[in-house]
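Here's the structure we're looking at; comments come further down.
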Amino acid sequence: GAYVALYQAFTRLKQEGYIAVDPLKSAVAAVSAGIVNREILLDLNYDEDSRADVDFNIVMTDREEFVEVQGAAEGDTFSKDQLDGIMLTAAHGIRNLFSIQQTAIDQMVFG
């Protein structure tokens, strides 16, 4: 939601002549991902997060560039294969968020 709000604000500022160029370079979205009971989960709720063996926060641009990757083994260590799985799951979730963001942007009405 924050990216969509920024997009709307900068579009309005540009339309009204307050800024000449939109400062947004790409869309951005974030998810949490982790391992609970040996299963990779996306967007852990409070209960899942409190029981997670591994917990990550991942922020990406729509150009699939990373803004942040922060993770920790909280209850158990994790393997490279598990890390790869977390990253793939997070990237898939973030791509879905970009689609939702774009739908919201496409439905905006500027007056």
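The values are calculated or read from the model by the stated rules, or taken from the named source; none is laboratory data. Since the structure is predicted, the reported quantities are computational estimates derived from the model, not experimental observations. Reconstructed Cβ throughout: ideal geometry from the backbone, glycine too, with neighbour counts over all protein chains shown. The protein model used for the area step is the full one, side chains on, heavy atoms only, and it has no ligands, DNA or RNA in it. Shrake-Rupley method; radii C 1.70, N 1.55, O 1.52, S 1.80 Å.
Brief remarks follow.
- Highest-first arrangement of 13-21, 27-35, where packing means the average Cβ count within 10 Å: 27-35, 13-21
- The C-alpha atoms of the chain define a longest principal axis, and helix 80-106 lies at about 20 degrees to it.
- The listed peptides 63-72, 83-92, ordered by packing as a protection proxy, come out as 83-92, 63-72 (highest mean of other Cβ atoms within 10 Å first).
- The Cα center of segment 8-56 and the Cα center of segment 83-105 differ in position by 9 Å.
- For the chain, the solvent-accessible area with a 1.4 angstrom probe is 64 square angstrom per residue.
- Cβ-placed point charges (K, R +1; D, E -1), dipole of the chain about Cα centre in debye, nearest 20: 560
- Taking the C-alpha atoms of the chain, convex hull volume expressed per residue in Å³: 107
- Backbone amide hydrogens, once placed in the peptide plane, bring VAL54 within less than 5 Å of ILE35, GLU74, GLY75, excluding anything fewer than 5 places away on its chain.
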